[in-house]
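Accompanying notes for the structure given below.
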Amino acid sequence: TSGNTQDTNVSGASTDLLTSVTNGSYVIQASSNPTPTPTPRTAKSLTESQIQAIIGLLRSFGADQAIIDNVNNSLRGGTLALPSGTPSRLTVLLQFGIRSEQVTLLQQYLSRNPSIYTGPITGYYGSLTTEAVKKFQKKYNIEQTGVAGPITRGKLNELYSR
């Protein structure tokens, strides 16, 4: 439809670029207004309160102290050194259906107590891991959701992290 930019994937700046179609040939008309080149901007430094707000968010999500220290250093102009290899602390929400190195670590922690987890270390958060988390939560008087949230992860890290 002429003038309708919703019937084509060939449009720009709210204007049809596809002006005619003949036996499968397409005529594309160049825009009369060139796209402006963005003006480079100097990176703005963060204020102390902004840095503290970011650090606070990381803490509220249960980030590992090493990660917090690295981000803090980076925000202050240093180099960000991301950890590599197998994690040594549980730092993210873990629940049924997730497959990750964090789940592998969770299973390793849970397996240190055979009355809680004797399943395989697969890195997959399935029904065996869910039940083991519930047993762990019951043992430590944590609400038994089967989800490794901040309280559960905090207790596991307290007991087992390096």
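The values are calculated or read from the model by the stated rules, or taken from the named source; none is laboratory data. Quick caveat, the model's predicted, so the values are computed rather than measured. Methodologically, a virtual Cβ is constructed for each residue, glycine included, from the backbone with ideal geometry; neighbour enumeration extends over all protein chains shown. Keep in mind that these areas ignore ligands, DNA and RNA; they rest on the heavy atoms of the full protein, side chains included. Shrake-Rupley method; radii C 1.70, N 1.55, O 1.52, S 1.80 Å.
For the stretch 82-107, filtered to residues that are more than 17 Å from residue 160 (Cα to Cα) and of a type in the set (Ser, Thr, Tyr), the residue that is modelled with the highest pLDDT is 100. For residue 121, the conditions (1) in contact with a helix residue (DSSP H, G or I) (Cβ under 8 Å, 6 or more places away or on another chain); (2) more than 21 Å from residue 67 (Cβ to Cβ); (3) at pLDDT 95 or above are fulfilled apart from (3).
Picking from residues in the stretch 91-107 that are more than 23 Å from residue 60 (Cβ to Cβ) and surrounded by 14 or more Cβ atoms within 10 Å (Cβ to Cβ), the one that is nearest to the chain's Cα centre (by Cα) is 104.
For the condition open to solvent by 60 Å² or more (accessible area, probe 1.4 Å), under 20 Å from residue 137 (Cβ atoms) and either among the acidic types (Asp, Glu) or at pLDDT 80 or above (or both), residue 115 qualifies.
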